[in-house]
1. With angles folded into 0 to 90 degrees, how steeply does helix 39-56 sit against the dominant principal axis of the chain? Use alpha carbons for both and round to 10.
2. Suppose a student asked you for the relative contact order of the chain, using Cα pairs under 8 Å spaced at least 6 residues apart; what percent would you report?
3. If you count, for each residue, the other Cβ atoms within 10 Å and average over each peptide, how do 7-19, 53-65 line up from highest to lowest?
4. Among [x] 4.8; [y] 4.1; [z] 6.0, which one is mean projected area of the Cα convex hull in nm² computed from these coordinates?
5. Give me the 1.4 Å probe accessible area per residue for the chain, excluding ligands and nucleic acids, in Å².
6. Give me the one-decimal nm value for the distance between modelled label points at Ala15 and Met44, 7 Å along each residue's Cα-to-Cβ direction.
7. Please give the net charge around Ile30, taking every other residue with its beta carbon less than 13 angstrom from that of Ile30, where Lys and Arg add +1 and Asp and Glu add -1.
8. Order Val51, Val6, Val26, most accessible first, counting only protein heavy atoms with a 1.4 angstrom probe.
Amino acid sequence: MIDVGVNRLEGRKLAGDVDFASAVEVAGAITPVPGGVGPMTIAMLMRNTLVAAHRRAGLPPPAGL
């Protein structure tokens with residue numbers, strides 16, 4: 001599980017979008033928040049999401065990818 005979402009809780013503490021306690025029971029591995037992923041990981045996740053959307057729609061890959 002790669003949790004790239006960040007939320008601020010009461011007291012300004014950072015937390016992810018995934019309920020860690022529930023996910024850790026079924027996921028083989030899970031990233032910590034904060035500090036689990038960096039800007040490059042997020043960029044590659046967004047790139048792969050765009051490529052997957054194009055494939056699903058039967059479109060050619062986006063230019064430059």
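1. Computed tilt is about 50 degrees.
2. Values: 57 pairs, mean separation 18.2, N = 65.
Relative contact order comes out at 28 percent.
3. Details: 7-19: 10.5, 53-65: 8.7.
With the highest mean Cβ count within 10 Å placed first, the list reads 7-19, 53-65.
4. The listed entry that was calculated here is [z].
5. On the way: 5080 Å² over 65 residues.
Ligands and nucleic acids excluded, the result is 78 Å² per residue.
6. So the label points at Ala15 and Met44 sit 2.9 nm apart.
7. Numbers: positive: none; negative: Asp3, Asp17, Asp19, Glu25.
Residues close to Ile30 contribute a combined charge of -4.
8. Details: Val51 20, Val6 90, Val26 130 Å².
Ranking Val51, Val6, Val26 by accessible area, largest first, yields Val26, Val6, Val51.
The values are calculated or read from the model by the stated rules, or taken from the named source; none is laboratory data. Every value quoted in this text rests on a predicted model; they were computed, and no experiment measured them. Cβ sites come from the backbone with ideal geometry, for glycine too, and all protein chains shown count toward neighbours. Surface accessibility is based on the protein's heavy atoms, side chains included, excluding ligands, DNA and RNA. Shrake-Rupley method; radii C 1.70, N 1.55, O 1.52, S 1.80 Å.
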